[in-house]
Amino acid sequence: MRSVIDIKDLSTTELNELVAVAEDIIENPDKYAHKCDRKKLATLFFEPSTRTRLSFEAAMYELGGHVLSMSAAGSSSAAKGESVADTAKTVSCYADIIAMRHPKEGAPLVAAMNASIPVINAGDGGHNHPTQTLADLLTIHREKGRFDNLTIGLCGDLKFGRTVHSLISAMTRYSGIKFVLISPKELMIPSYVKKIIKEAGAECIETTDLAEYMPELDILYMTRVQRERFFNEEDYLRLKDSYILTPEKLTTAKANLSVMHPLPRVNEISVKVDDDPRACYFKQVLNGKYMRMALILKLLEVD
């Protein structure tokens with residue numbers, strides 16, 4: 001039995017294999033329609049979610065399986081004080097695999113240590129979001145045809161952005177990657193993530209200026225400033241509109257730039273950008289379903 005809590009739990013070979021399976025699912029959906037017959041996925045979401053929870057559920061249904069869903073902490077025994085460990089042991093009696101989102105960093109790891117079935121981290125606080133990274137990887141591969149020799153701009157909340165941390169951890173495995181880290185000084189990338197970049201020998205630039213580096217980028221990964229991660233409302237209000245992507249700001253960008261965003265967006269990408277062929281964020285949403293299908297198959301050891 002195996003769980004995925006961090007993107008580092010998957011080798012580079014496994015990442016490439018998951019992308020290949022997802023590509024095959026896209027091309028041959030009927031081949032996978034009954035792979036998980038009689039299997040059950042439990043979605044345990046202690047924090048609000050639209051895309052992640054629904055894409056996990058859609059993924060399991062499209063594999064022929066069933067879903068047991070808990071969409072709010074208040075509707076579970078957590079409201080009575082039940083521990084994550086006990087919840088994991090209990091749900092293991094009912095399901096074959098768990099997808100868990102939790103506001104506390106490390107909670108899915110605790111679940112994995114106590115469950116008798118695989119656990120997938122569907123986001124834990126500001127720490128990790130490995131399946132969003134899988135969606136990002138499939139999007140990059142489908143848009144660029146490769147994972148190497150790319151200049152990736154990451155813009156917005158790089159301090160609390162778990163999707164950013166996981167994507168960097170994945171992309172540092174490939175050669176010729178250059179990161180341009182664009183954020184207010186208060187929301188700069190944490191030191192432990194910078195250490196990952198340094199140890200991988202990847203090139204890295206930290207800046208507050210998106211416009212200066214826009215012409216260099218192959219990928220622009222926008223993120224929202226996350227109100228729920230702030231302790232101080234004044235700080236959030238001061239920083240929330242630091243970067244707003246508009247069609248005008250894309251005039252200097254490459255014709256084949258890929259604009260990505262893990263969503264939800266607030267106002268950091270103008271809706272006018274949605275019609276630009278370089279906008280890929282809704283493609284990411286769909287790609288997330290296919291990669292979650294591939295991961296469920298892998299962890300359930302379904303051929």
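The values are calculated or read from the model by the stated rules, or taken from the named source; none is laboratory data. Here the structure is a predicted model, which means the values were calculated and not measured. Cβ coordinates were reconstructed from backbone atoms using ideal geometry, including for glycine residues, and neighbour counts include every protein chain displayed. What goes into the accessible areas is simple: the full protein's heavy atoms, side chains included, and nothing from ligands, DNA or RNA. Shrake-Rupley method; radii C 1.70, N 1.55, O 1.52, S 1.80 Å.
Observations on the structure shown:
- Amide H contacts of Ser258 (H built 1.01 Å from N, in plane; Pro and chain starts excluded): Ile219, Leu220 sit under 5 Å, all sequence-distant by 5 or more or on other chains.
- Projected label distance in nm at Glu17 and Glu216, using a 7 Å step from Cα toward the beta-carbon: 3.6 nm
- Residues whose placed amide H lies under 5 Å from that of Ile269, excluding near-sequence neighbours: Leu245
- Antiparallel beta bridges, as assigned by DSSP with both residues in the chain, represent about 5 percent of the total such bridges.
- Surface share of carbon and sulfur [accessible, 1.4 angstrom probe, percent] for the stretch 100-193: 53 percent
- In the chain the longest region clear of GluC sites (Glu not before Pro) that are loop-assigned by DSSP and have at most 12 other C-beta atoms within 10 Å covers 83-300.
- Close amide-amide hydrogen proximity is noted between Lys40 and His66, Asp96, Ile97, each under 5 Å apart and 5 or more residues distant or on a separate chain (H modeled in the peptide plane; Pro and chain starts excluded).
- The chain - mean residue ellipticity at 222 nm from DSSP helices (-39,500 (n - 2.57) per run, n ≥ 4, rounded to 500): -11000 deg cm²/dmol
- Considering only trypsin sites (Lys or Arg not before Pro) in DSSP loops that have at most 13 other Cβ atoms within 10 Å, the longest stretch of the chain without any of them is 147-303.
- Heavy atoms of the protein chains alone define the surface here; on that basis the stretch 155-215 has 41 Å² accessible area per residue at 1.4 Å probe size.
- Among the listed pairs Lys35/Lys289; Lys198/Lys289; Lys144/Lys283; Lys8/Lys31, those beyond 21 Å (Cα-Cα): Lys198/Lys289; Lys8/Lys31
- Efficiency of FRET between Asp86 and His34 - r from beta-carbon atoms, R0 25 angstrom, step 0.05: 0.15
- Cα-based reach from Lys40 at 16 Å (exclusive), listing aspartates and glutamates while leaving out same-chain residues under 8 positions away: Glu57, Glu62, Asp96, Glu301
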